[in-house]
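Here's the structure, in structure tokens; my notes come after.
Please treat every number below as a calculation from the coordinates, not as lab data. These numbers come from a predicted model, not from an experiment. No Cβ is skipped: glycine too gets one built from the backbone with ideal geometry, and neighbour counts run over all protein chains shown.
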Amino acid sequence: MKRVYNFSAGPAILPEEVLKEAQKEMLDYEDSGMSVMEMSHRSAMYQKIIDDAEKDLRTLMHIPDNYKVLFLQGGATTQFSMIPMNLMKHGVADYIITGAWAKKAYQEAKKFGNAKAIASSEDKMFSYIPDVKHLNISDDADYVYMVDNNTIYGTKFYELPDTKGKVLINDASSCILSEPVDVSKYGVIFAGAQKNIGPAGTVIVIIREDLIRKDIKTDTPIMLRYDIHAENGSMYNTPPTYGIYICGKVFKWLLNLGGLEAIHKINLDKANLLYDYLDQSKLFFGTVEKKSRSLMNVCFKTDSEELDSLFIKEAKQKGFDNLKGHRSTGGMRASIYNAMPTEGVKALVEFMEQFEQKHKK
Ligand SMILES: *Cc1c(COP(=O)(O)O)cnc(C)c1O
């Protein structure tokens, strides 16, 4: 067996320790004689798995008691509908458009009310974060919506938008658990699991209790109501049981590493290794504004598409997989989520140096 360094943007690399533990427990979880996949979600044994996962996530993120943690399904994209359906009380919401995911969420929200794009970086291919200190917040906005880390273009917010007191909603799919966070600054933080946590399909929603309304439109599909999921401890129907179990293991892995402060240090080191190399390279260059650089998704190019393709091909042969940039940007993208070991990034930089030696002008 040979594992590659997997730089995929998502579904993405998971900690090897977690996979090995899951392998060990696959056929017989804690003397139950069955796999977690085969277990009733109503059993005491499964209840402990989901309770522990929630407890560990609360510890990691210091989630205040007045927030609910929900384990839902349908990926992050289902939240693009649930947010406006549940939170648009006055029918107005402000969106900060920093990439394709923000744009999709904004377009979906328009179905449910007056969604406004109050800032955008689309003029420069989403290569920067717009000014968020002086936003034109709508007086009657029910919330302001942001996407913390831009998975496709490789930018991130380094300061929170001034929402003038309005509730802030954060799609943190590609950066959740990568650094410490003050949950109390947000109304909702949500994240699809497949980038920094676990298997695709599972989505984590951290929502302030007073935002969970019962007085929403009565024809809202039951599975799209936060109140129903909150009242039923994420078990109105069968939750993504195995996905939640793996998420729980990743939370424990992070706690053992020393929590979010510790992983943040590691993530900064990894990102700096790559960005420092890119900044002095004569062949490769980073594609986004320096002060908006993502710690999770590092986008870069050479000035030749042929050379980009050759690099991606040769890298794959050497065991550096999934370095091809998103189809909308071209070039390369190295996704270096929590589970990517520092050695993986060091090895990639060494390979880039060798490639540069061969191809420099
Ligand atoms: C990947 C991603 C999504 C979409 O997630 P799905 O689980 O495929 O719905 C949404 N937002 C961001 C920021 C992402 O990176």
Local electrostatic count, Phe80, Cβ distance below 9 Å [Lys/Arg +1, Asp/Glu -1]: -1
Taking a crude spin-label model, label points 7 Å out from Cα along the C-beta direction, the Leu19 to Asp219 distance in nm is 4.7
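Write down the percent of antiparallel bridges among all DSSP beta bridges whose residues are both part of segment 24-256, to the nearest 5.
Working: 13 of 28 bridges.
Among the beta bridges of segment 24-256, antiparallel pairing accounts for roughly 45 percent.
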Quick one, can you get me the convex hull of the C-alpha atoms of the chain expressed as volume per residue in Å³? 134
Could you give the length gained on full extension between Gln47 and Asp182, defined as 0.36 nm per residue of separation minus the Cα-Cα distance, in nm? 45.8 nm
Lysines with Cα under 28 Å of Lys249, excluding same-chain neighbours fewer than 8 positions away: Lys2, Lys20, Lys24, Lys48, Lys55, Lys68, Lys156, Lys185, Lys195, Lys265, Lys270, Lys346
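Work out the P(r) tail for segment 258-359: percent of alpha carbon pairs separated by more than 16 Å, whole number.
On the way: 2811 of 5151 pairs.
I get 55 percent for the Cα pairs in segment 258-359 exceeding 16 Å.
If contacts are Cα pairs under 8 angstrom and at least 6 residues apart, what is the relative contact order of segment 109-197 in percent? All intermediate terms of the calculation are to be shown ahead of the outcome.
Working: 112 pairs, mean separation 20.2, N = 89.
It comes to 23 percent, rounded to a whole number.
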Sticking with the crude label model, points 7 Å out along Cα→Cβ, report the distance from Ala347 to Ser35 in nm, one decimal please. 2.8
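How high is the relative contact order of segment 258-359, given as a whole-number percent (alpha carbon pairs under 8 Å, six or more residues apart)? Walk me through the numbers on the way to the answer.
Values: 109 pairs, mean separation 31.1, N = 102.
Averaging sequence separation for qualifying contacts and normalising by length gives 30 percent for segment 258-359.
So if I take the alpha carbon set of segment 146-260, get Rg, then get Rh from the Kirkwood formula, what is the Rg over Rh ratio?
Details: Rg = 15.4 Å, Rh = 15.8 Å.
With Rh from the inverse mean 1/r over Cα pairs, Rg/Rh is 0.98.
Just order 66-74, 130-138 by mean Cβ neighbour count inside 10 Å, highest at the front, would you?
Numbers: 66-74: 19.0, 130-138: 14.0.
Listed from highest to lowest mean packing, they are 66-74, 130-138.
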Distance from the Cα centre of segment 232-303 to that of segment 113-171, in angstrom? 21
FRET efficiency, Glu356 to Lys104 (Cβ-Cβ, R0 35 Å, nearest 0.05): 0.45
Evaluate the relative contact order of the chain (contact order divided by residue number), counting alpha-carbon pairs under 8 angstrom at least 6 apart; express in whole percent. 23
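With all pairs of different alpha carbon atoms counted, what Kirkwood hydrodynamic radius in Å does segment 103-161 show? Working shown, then result.
Working: mean 1/r = 0.0795 Å⁻¹.
Answer for segment 103-161: a Kirkwood hydrodynamic radius of 12.6 Å.
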Dimensions of segment 10-141 along principal axes (Cα, Å, largest first)? 58, 33, 28
